[in-house]
Amino acid sequence: MERRYRLRAMGYDFEKLVERVAELLTIEPREVMSSGKQPHRVRARSLLCYWAVTYLEMSNTAVGKSWV
């Protein structure tokens with residue numbers, strides 16, 4: 001629980017995670033959120049979902065609704 005609060009205090013939210021994943025994988029943030037089954041997009045979305053659920057402790061449902 002401490003990790004979640006520490007990350008939130010550092011300004012991390014879902015949008016910031018999208019930007020961080022895009023930065024690490026050298027793609028545009030809009031590509032992370034766009035549809036498609038290209039390997040680089042799938043890898044980016046997988047990492048984003050993992051971090052959101054594990055580190056921000058978001059529910060899978062909340063992560064899914066973030067795409068709407």
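All of the numbers you see were taken from the coordinates with simple rules; none came from a lab. Bear in mind that the values here come from a model prediction, so they are computed numbers and not experimental data. Every residue, glycine as well, gets a Cβ built from its backbone with ideal geometry; the counts of neighbours run over all protein chains shown.
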Exercise. For the stretch 37-68, what are the residues that are under 10 Å from the mean Cα position of the chain (by Cα) and basic (Lys, Arg)?
Worked result: ARG45
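Looking only at residues in the stretch 18-36 that are surrounded by 15 or more Cβ atoms within 10 Å (Cβ to Cβ) and among the charged types (D, E, K, R), which one is farthest from the chain's Cα centre (by Cα)? Steps first, answer last, please.
The initial filter retains those residues of the stretch 18-36 that are surrounded by 15 or more Cβ atoms within 10 Å (Cβ to Cβ), namely 18, 20-22, 25, 27, 29, 31-33.
Then keep just the ones that are among the charged types (D, E, K, R); that gives 20, 31.
On the way: ARG20: 8, GLU31: 12 Å.
The residue in question is GLU31.
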Seminar exercise, completed: GLU15 passes all but one of the listed conditions (1) loosely packed, with under 14 Cβ neighbours inside 10 Å; (2) of a type in the set (D, E, K, R); (3) touching a residue at least 12 places away in the same chain (Cβ under 8 Å); the exception is number (3)
Exercise. Can you tell me which residues in the stretch 21-36 are out of contact with any helix residue (DSSP H, G or I) (no Cβ under 7 Å at 6 or more places or on another chain) and either over 16 Å from SER66 (Cα atoms) or in contact (Cβ under 8 Å) with a residue 24 or more places away in the chain (or both)?
Worked result: GLU23, LEU24, THR26, GLY36
Exercise. Any idea which residue in the stretch 37-61 is farthest from TYR12 (Cα to Cα), counting only those that are touching a helix residue (DSSP H, G or I) at 6+ places or on another chain (Cβ under 8 Å) and surrounded by fewer than 17 Cβ atoms within 10 Å (Cβ to Cβ)?
Worked result: HIS40
